[in-house]
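These notes are about the structure you will find just below.
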Amino acid sequence: MTILVTGSSGHLGEALMRTLRASGRAAVGLDVIPGPFTDEVGSIADRPCVARLMDGVGAVLHAATLHKPHVATHSRAAFVETNVMGTLILLEEAARAGVKAFVMTSTTSAFGDALKPPPGAPAAWIDERVAPVPKNIYGVTKTAAEDLCRLFSRNERLPCVALRTSRFFPEEDDDPKARAAFADENAKTNEYLFRRVAIEDVVEAHLAAVERAPAIGFGKYVISATTPFLPEDCARLGVDAPAVASLRAPGWEDEYARRGWRMFPGIDRVYDNALARRDLGWRPKWDFAAIVKRLRETGDIRGPLAREIGVKGYHAERFEGAPYPVAGS
């Protein structure tokens, strides 16, 4: 079965292509930017291009998108064209070609303002039951694309799975206060407790979704590292995250002390991946404890796949003092 991977020159797209080809599976990469794993340079909004590439394809891994870092540099119309119209064209051509599984990469950013509890409130426990409250055009277009997937599953019998992935990018945080307060690897390691996932596990989630999509029909899943926290921890997480981390995931303290690292004083949300593990049979390997162990043994929180891909960035140009400009909040 040939798998079409969109966004094949991007961080996740390259990870998917590398993994598929390393396992000997047939894969075709599509991206607007040339790259070593891109077979066709073209847009997902170009119907003739998409229709031609869909011939003989059994599954689609749709990772192409405009991201949050593009909100300040691209128009809202560009987001609609890529994230909504591009997804619609892919779905229509996939349905026409009789594709057996369509997996869309979505984002936990789609939850938007639902991720931010009021001051003094417990941390938000985020699972698939939480209604998204998008706060920018990125979130709006990703939730619209998810709804298109639901529609095509219902009306065209195209099995569709949307994966709301948490942070896996290697770039620095876009919040200058966060960059000033914590070393980059310190912050990223902390995030494995509640809002980060290893690229290897993201790839495995996508491959698991391809296998399970026909039985599921349609599903949306949170894809994040398995948290050690429990819902009853939420009240304390907002005011004393280090104490809760020591209770639920002990063993990090000495390594942090040796490096001069700190735990976040408070945590405002926790992503729960239980439904993805149940429905997809997904078994993420890299939780906070595993990342700390790898750090202790290798001095690096990244795995081989992340090191091979490196840092791509989201723009051709560089921005002084920040990984990319931020629009609004």
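The values are calculated or read from the model by the stated rules, or taken from the named source; none is laboratory data. Given the structure is predicted, the values throughout are model-derived calculations rather than measurements. Glycine also receives a Cβ, built like all others from the backbone with ideal geometry; neighbour counts cover every protein chain displayed.
Just a few scattered comments:
- Any hit, segment 92-101, residues being surrounded by fewer than 21 Cβ atoms within 10 Å (Cβ to Cβ), modelled with pLDDT under 95 and more than 18 Å from the chain's Cα centre (by Cα): no
- One residue alone among PHE264, PHE229 is over 19 Å from ALA181 (Cα atoms) and in contact with a Phe, Trp or Tyr (Cβ under 9 Å, 6 or more places away or on another chain), and that residue is PHE229.
- Flag: ARG269 does not match the condition of being surrounded by fewer than 17 Cβ atoms within 10 Å (Cβ to Cβ) and either within 22 Å of PHE182 (Cα to Cα) or in contact with a His (Cβ under 6 Å, 6 or more places away or on another chain) (or both).
- Some residue of segment 281-289 being more than 18 Å from the chain's Cα centre (by Cα), buried (at least 16 other Cβ atoms within 10 Å of the Cβ), at pLDDT 95 or above and small (Gly, Ala, Ser): yes
- Listed by first and then second residue, the pairs linking a residue in segment 29-51 that is assigned to a loop (DSSP other than H, G, I, E, B) to a residue that is surrounded by 15 or more Cβ atoms within 10 Å (Cβ to Cβ) and of a type in the set (D, E, K, R), with Cβ atoms under 6 Å apart and 6 or more places separating them unless they lie on different chains, are PHE37/GLU14; THR38/ASP31; ALA45/GLU81.
- Each residue in segment 156-189 was checked for being farther than 25 Å from TRP252 by Cβ and modelled with pLDDT of 95 or more, and 9 of them qualify.
- Of all the listed residues (LEU305, LEU295), the sole one being outside any loop (DSSP other than H, G, I, E, B), of a type outside the set (Gly, Ala, Ser) and surrounded by 18 or more Cβ atoms within 10 Å (Cβ to Cβ) is LEU295.
- Those residues of segment 1-14 which are buried (at least 24 other Cβ atoms within 10 Å of the Cβ), more than 16 Å from SER106 (Cα to Cα) and touching a Leu at 6+ places or on another chain (Cβ under 9 Å), in sequence order: LEU4
- Segment 52-64, subset part of a strand (DSSP E or B) and touching a helix residue (DSSP H, G or I) at 6+ places or on another chain (Cβ under 7 Å), residue nearest to ARG212 (Cα to Cα): ALA59
- Of all the listed residues (SER153, SER106), the sole one being modelled with pLDDT of 95 or more, under 23 Å from PHE168 (Cβ atoms) and either part of a loop (DSSP other than H, G, I, E, B) or small (Gly, Ala, Ser) (or both) is SER106.
- Of all residues assigned to segment 219-233, none qualifies as being touching a Cys at 6+ places or on another chain (Cβ under 9 Å), closer than 24 Å to ALA145 by Cβ and surrounded by fewer than 18 Cβ atoms within 10 Å (Cβ to Cβ).
- Scanning segment 120-147 for residues being over 19 Å from the mean Cα position of the chain (by Cα) and either part of a helix (DSSP H, G or I) or not aliphatic (A, V, I, L, M) (or both) gives a total of 2.
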